[in-house]
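S.K.: Before anything else, here's the structure in question.
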Amino acid sequence: MKRTIIAAAVVGLLTAAPVAAHGPSGHGDHKHEPAYGRAGDPKMLSRDIVVRMKEADGKMLFEPSRIEIRTGEQIRFRLENVGDLDHEFLLGTAQEIEEHADMMKAMPDMKHDDANAKQIAAKRTGDLLWHFTTAGEFDFACLIPGHREAGMTGKIVVK
């Protein structure tokens with residue numbers, strides 16, 4: 001019974017998250033836009049920022065771990081996993097990341113390929129396109145169990 005309730009709660013969170021993040025249409029409905037912006041539009045100009053994911057000296061890291069962006073800027077994150085393990089880049093508020101980290105502990109094999117999250121296999125690359133519409137400080141993290149705890153977090157400052 002307890003497993004059924006947990007499974008139902010997780011399914012509810014998984015199906016509600018894309019609607020909350022991208023609006024009912026999945027295309028950045030402003031009424032339901034996350035605090036940190038919306039999925040990027042490939043037809044718009046963007047600035048590229050390379051983010052490397054790696055393991056070093058017993059830690060797991062993003063380089064850079066702090067990124068500054070201007071409000072209204074669209075960024076193409078060029079995600080390079082130069083490490084020997086799979087990693088992911090999940091963009092969100094501190095609260096969203098904390099809540100999602102708890103969900104990942106319950107479902108460690110969950111894979112991400114959402115507008116605000118991308119899992120990258122070892123020695124592979126991928127892109128995440130995001131339009132930052134609101135000033136503030138937002139987070140990114142790797143939520144594969146144990147990775148965030150080993151230091152794989154970062155901060156985005158939108159001015």
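Values quoted throughout were computed directly from the atomic coordinates according to the rules given, and no laboratory measurement underlies them. Since we're looking at a predicted model, the values are computed, not measured. Quick reminder, even Gly has a Cβ in these numbers, built from the backbone with ideal geometry, and neighbours come from all protein chains shown.
S.K.: Which value in Å is the Kirkwood Rh of the range 35-158 over different Cα pairs? List each step's numbers first, then the result.
M.R.: Numbers: mean 1/r = 0.0697 Å⁻¹.
Here the Kirkwood hydrodynamic radius works out to 14.4 Å.
S.K.: Further, regarding this structure: Relative to a virtual label point 7 Å from the Cα of V82 in the Cα→beta-carbon direction, which members of the range 122-159 show backbone nitrogen distances below 15 Å?
M.R.: Label zone hits: 122-126.
S.K.: K155: net charge of surrounding residues, Cβ under 11 Å, Lys/Arg +1, Asp/Glu -1, itself excluded?
M.R.: Values: positive: R66; negative: E68, E137, D139.
Charge balance near K155 sits at -2.
S.K.: Amide H neighbours of E88 under 5 Å, counting only residues 5+ apart in sequence or on other chains, H built in-plane at 1.01 Å?
M.R.: Distant-sequence amide H within range of E88: I120, L143, I144.
S.K.: Expected output is a single nm value to one decimal: the length gained when fully extending between A106 and E63, i.e. 0.36 nm times separation in residues minus the C-alpha distance. What is it? Intermediate values should be presented prior to the final figure.
M.R.: Values: separation 43, 0.36 × 43 = 15.48 nm, distance 2.79 nm.
Here the segment from A106 to E63 would lengthen by 12.7 nm.
S.K.: Here's a follow-up. How far apart, in nanometres, would the label points at R124 and E137 be if each is projected 7 angstrom from Cα along the Cα-to-Cβ direction?
M.R.: Those two pseudo-labels are separated by 3.3 nm.
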